[in-house]
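Values in this text are rule-based calculations from the coordinates and carry no lab data. Note that the structure is a prediction, hence the values are computed from the model and not measured. Here the Cβ positions follow ideal geometry from the backbone for every residue, glycine too, while neighbour counts run over all protein chains shown.
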Amino acid sequence: MSTIETNLQGVYQARDAAIAGRRATFSAPVIVVAVSKSKPLQDVQSAIMAGQRVFGENYVQEGMAKIHALAELGVRGVEWHLIGSLQSNKAKLAAQHFDWVQTVDRLSIAAALSRHRLANALSPLNVLLQINVSHEQTKHGVVPAALPALADAVASLPALRLRGLMAITENTPDEMALRGQFRQMCRLFDALARRHPGVDTLSMGMSADFAIAIDEGSTMARVGSRIFGPRSQSVVQLQSA
Ligand SMILES: *Cc1c(COP(=O)(O)O)cnc(C)c1O
């Protein structure tokens, strides 16, 4: 078995244990997005061989290179999520190549994604609204107070499908603080789902904390290093979105 296959098994076991241990009122399945940023195509192929079908990338160009390479190899049925912040000059490429964009935090980006999706006669793009739940200045995302208006506007765009919310929570060893942020996300998500029937996805939790996130209601974990191994810092820093 490859290391990646072994790692994936561990992640799915941890996911299933977290689902089994949580409140029964959380009934949605929990999807694992394998975050392959800075990792070579061979690693993605190893994960596909092991049965993984959903992948996340932070940078439009890096994702596109892998998407194209797999298409050339005739690989079908893989779903790609953009999970890095998106600049408007990359909206066209993101709309053309990704299946989901998890980082919509303003109407101008949403409108551009919808426009490019329509122009290319593609099916509606799945989008999540990114929330700045930790209120860190350095983080992207809409503040909770501005969420209802943004959600209504995004939901009315013709070529987008509003699926839910995404958050990058604070990187902290303080489990209670972390749980507080996950719980706040869960409350925002419940309110959003009541207002928008198509909303079914709450993307929160990464390698270090996805079991806690699932315990607090996550329906989508974004897991990178625990599947693919640690990333070299320099590679990540050299790339721009
Ligand atoms: C890199 C990244 C992840 C995965 O992080 P790991 O700690 O390696 O699991 C998840 N979400 C986002 C937005 C990321 O940028």
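Quick look at the numbers
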item: Scattering profile of the chain at q = 0.08, 0.12, 0.13, 0.14 Å⁻¹ [log10 I(q)/I(0), Debye over alpha-carbon scatterers]; result: -0.28, -0.66, -0.78, -0.91
item: Under 14 Å, Cβ to Cβ, from E175 - net charge with Lys/Arg +1 and Asp/Glu -1; result: -3
item: Segment 85-192: mean projected area of Cα convex hull, nm²; result: 6.8 nm²
item: Span-like helix ranges in the chain, DSSP H, alpha carbon extent 24 angstrom or more, Kyte mean at least -1.0; result: 3-21, 175-195
item: Helical mean residue ellipticity (222 nm; -39500 (n - 2.57) per DSSP H run of 4+; nearest 500) of the chain; result: -13500 deg cm²/dmol
item: Residue among V101, V142, V78 with the largest mean-square fluctuation in a Gaussian network model of the chain, springs linking Cα atoms under 10 Å; result: V78
item: Among G63, A24, Q9 - extreme Cα towards positive end, dipole of segment 1-86, charges at beta-carbon; result: A24
item: In nm, spacing of pseudo-spin labels at A20 and T172 (7 Å Cα→C-beta vector); result: 3.1 nm
item: Local electrostatic count at D190 - Lys and Arg +1, Asp and Glu -1, tallied over other residues with Cβ under 14 Å; result: +3
item: Percent RCO, i.e. relative contact order, over segment 1-118, from Cα pairs under 8 Å lying at least 6 residues apart; result: 19 percent
item: Surrounding net charge for V101, when Lys and Arg each add one and Asp and Glu each subtract one, Cβ distance under 13 Å; result: +2
item: Candidates A151, A14, A47, ranked by Gaussian network fluctuation over the chain, Cα under 10 Å, top entry; result: A14
item: Partner lysines for K90 [C-alpha distance under 20 Å; skip if fewer than 8 residues away on the same chain]; result: K37, K66, K139
